[in-house]
Amino acid sequence: MPTPALASLPIRRLTLRDLSACADLSEDRGWPREEHKWGLLLSAGKGYGIDDPDGGLTSACVVTEYGPQEQPALGAIGMVLVAERHARQGIGRRLMRHVVSAMDSTPLTLYATPHGRPLYEELGFKVTGRAEMLRGYFLPDAGGPAVGVSTRAATAEDLPVLLRLDEEVFGTDRTHIVTRLPAFADQLRVAEENGRIVGYAAAWPNMDTHVVGPLIARDTPTATALLASLAAHTDRPLRTDIDVRHEELLAWAKNRGLESIAFNAVMTYGITEPPGDWTRRFAPVTVAAG
């Protein structure tokens, strides 16, 4: 349990005005500052935090809600952080209990590191899957793109189609995320077959890398074509988190220079597995937003 002084500190909603403090908290725990990602999460989701009387934040996390605003179909929890000076004092547990209570009956999901998993299990979250984080410089495929699958930069006219495809695959509406991608990402590309969009992917800047996500595709060849096309338009190393059930894509990416650097458990609360069609959902926008 937190000490009496820490237990009395109020939990409040965070806003974009707290972006710098959130980035400071990331840095305090040895994470990258990731201000660009914090900006997306704080504008599209709900931030919760506890102020430190000595300045900055004691703890923070973000919940991104999907589906109808009046009754969300899913809440994704991410960026759960506690300042090093207050670690192991029950602060993270208190903040998570508050968030779970605030979300009421809304099903929840999150990506858990091995360090964080015991806390989430204590709160009732169940492991329902795993994602493998890859990072590295992409080596072009001499064989070229998948036969029949072409890729191009997305246009504004594509947005209605992308929204429909995304909701079908993700399992619920996330218009507030997808419509932010053109400004948030450096690249947003679609895969086409016979003039029909069969997948899309984005690459967004995070410190010295480009994170590939979301990656939604009809099948593995389409996913490889999208990933290769994103790689062809950047000189940064790529990073992405791929559902481990997509063994073929993982093997293909590793053969082209990306290396495995971590595994995260996909956990759910209130549902037995995340909604949607996992066979076409290859990578999330970010593990912090599901």
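The values are calculated or read from the model by the stated rules, or taken from the named source; none is laboratory data. Here the structure is a predicted model, which means the values were calculated and not measured. Cβ: placed from backbone, ideal geometry, glycine included. Neighbour counts: every protein chain shown.
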Scope the range 201-234; condition part of a helix (DSSP H, G or I), touching a helix residue (DSSP H, G or I) at 6+ places or on another chain (Cβ under 7 Å) and among the polar types (S, T, N, Q); matching residues = THR220, THR224
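Can you tell me which residue among GLY129, GLY136 is farther than 15 Å from VAL287 by Cα and of a type outside the set (A, V, I, L, M, F, W, C)? Can you show your working first?
Working: GLY129 fails: farther than 15 Å from VAL287 by Cα.
Step by step, each of GLY129, GLY136 is checked, and only GLY136 is farther than 15 Å from VAL287 by Cα and of a type outside the set (A, V, I, L, M, F, W, C).
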Inspect the range 235-249 for any residue being of a type in the set (A, V, I, L, M, F, W, C), touching a His at 6+ places or on another chain (Cβ under 9 Å) and assigned to a strand (DSSP E or B) and give the result as yes or no.
-> yes
Where residues in the range 148-163 are among the hydroxyl-bearing types (Ser, Thr, Tyr) and touching a residue at least 12 places away in the same chain (Cβ under 8 Å), which of them is farthest from PRO214 (Cα to Cα)?
-> SER150
Could you say whether any residue in the range 134-143 is in contact with a Cys (Cβ under 7 Å, 6 or more places away or on another chain) and crowded, with 19+ Cβ neighbours inside 10 Å?
-> no
Give the residue that is surrounded by the most Cβ atoms within 10 Å (Cβ to Cβ), with candidates limited to residues of the range 149-170 that are of a type in the set (Ser, Thr, Tyr) and closer than 11 Å to LEU188 by Cα.
-> THR151
Can we say GLU167 is over 17 Å from the mean Cα position of the chain (by Cα), of a type in the set (D, E, K, R) and farther than 20 Å from ASN264 by Cβ?
-> no
Give me the pairs, please: first residue somewhere in the range 62-76 and touching a residue at least 24 places away in the same chain (Cβ under 8 Å), second residue anywhere and in a strand (DSSP E or B) and aromatic (Phe, Trp, Tyr), beta-carbon distance under 7 Å, and either six or more positions apart or on two chains.
-> PRO72/TYR66; ALA73/TYR66; LEU74/TYR66
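Determine whether GLU27 is free of Cβ contacts under 8 Å to residues at least 40 places away in the same chain, surrounded by 14 or more Cβ atoms within 10 Å (Cβ to Cβ) and either more than 17 Å from the chain's Cα centre (by Cα) or within 25 Å of ARG180 (Cα to Cα) (or both). Can you show your working first?
Values: free of Cβ contacts under 8 Å to residues at least 40 places away in the same chain: yes; surrounded by 14 or more Cβ atoms within 10 Å (Cβ to Cβ): no; either more than 17 Å from the chain's Cα centre (by Cα) or within 25 Å of ARG180 (Cα to Cα) (or both): yes.
Against the criterion (free of Cβ contacts under 8 Å to residues at least 40 places away in the same chain, surrounded by 14 or more Cβ atoms within 10 Å (Cβ to Cβ) and either more than 17 Å from the chain's Cα centre (by Cα) or within 25 Å of ARG180 (Cα to Cα) (or both)), GLU27 does not qualify.
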Subset of the range 55-81 [farther than 17 Å from HIS98 by Cβ, of a type in the set (A, V, I, L, M) and within 16 Å of the chain's Cα centre (by Cα)] | LEU74
Taking the range 176-218 only, how many residues are without any contact (Cβ under 8 Å) to a residue 24 or more places away in the chain and more than 19 Å from the chain's Cα centre (by Cα)?
-> 3
Quick one: is GLN89 polar (S, T, N, Q) and surrounded by 14 or more Cβ atoms within 10 Å (Cβ to Cβ)?
-> yes
List, please: which pairs have Cβ atoms under 8 Å, are six or more places apart or on different chains, and start with a residue in the range 267-286 that is over 18 Å from ARG218 (Cα atoms) and end with one that is basic (Lys, Arg) and assigned to a strand (DSSP E or B)?
-> MET267/LYS126; THR268/LYS126; TYR269/LYS126; THR272/LYS126
Working carefully through the options GLY67, GLY92, find the one that is assigned by TED's automatic domain parsing to the domain that holds SER43, under 19 Å from ILE11 (Cβ atoms) and small (Gly, Ala, Ser).
-> GLY92
